[in-house]
Amino acid sequence: MRAADADRQQIADQLKAALDEGRLSLHEYDDRVGAAYAARTYAELMVIVQDLPRPGLSNSEVAAQKRRADRRLPTALIVLWTIWGALAAVNVVIYALVAVTAGLVYPWPIWLLVPGAALGAVTVGVQVIRNQTRN
């Protein structure tokens, strides 16, 4: 999509804040502001500021955001864990109801530990691989 003058001005303001915080040198600021006013699309504007944090963030806040992003599971794993948890909860509740009404029965919900262990192994593997590729 094409960028408007207000979008270019917003990027220029973000660059000014980065200059004021000492994140950019004066020469780099000049280069980026020139590129911002020459940009035609949003994609061109986003490239100019992609390596800058939001204005006003300290180093510790930026580092904390990076650590949170590094620890976050991929969306697919979050969905799989949610499904597994819901199924496990339903099975345990049904087992409890059957055990209360019909007496003690075979503890079949224990079999849910097998896919849970497999999902746990995949989760650990994904996190190890993600950490290796980042370092």
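The values are calculated or read from the model by the stated rules, or taken from the named source; none is laboratory data. Values in this document were obtained by computation on a predicted structure and should not be read as measured data. Because the Cβ atoms are built from the backbone with ideal geometry, glycine has one as well, and the counts that use them run over all protein chains shown.
Here are the numbers for the structure shown:
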| item | result |
| --- | --- |
| Qualifying residues in region 5-24 (those that are of a type in the set (S, T, N, Q) and within 26 Å of the chain's Cα centre (by Cα)) - the one surrounded by the fewest Cβ atoms within 10 Å (Cβ to Cβ) | Q10 |
| Qualifying residue in region 42-56 (condition: in contact with a strand residue (DSSP E or B) (Cβ under 9 Å, 6 or more places away or on another chain), at pLDDT below 95 and farther than 23 Å from E21 by Cα) | yes |
| Residue tally, condition under 20 Å from the mean Cα position of the chain (by Cα) and surrounded by fewer than 11 Cβ atoms within 10 Å (Cβ to Cβ), over region 81-135 | 9 |
| Residue that is modelled with the lowest pLDDT, among those in region 19-41 that are touching a Leu at 6+ places or on another chain (Cβ under 8 Å) and part of a helix (DSSP H, G or I) | L19 |
| Qualifying residues in region 75-107 (those that are touching a Phe, Trp or Tyr at 6+ places or on another chain (Cβ under 8 Å) and outside any helix (DSSP H, G or I)) - the one modelled with the highest pLDDT | P107 |
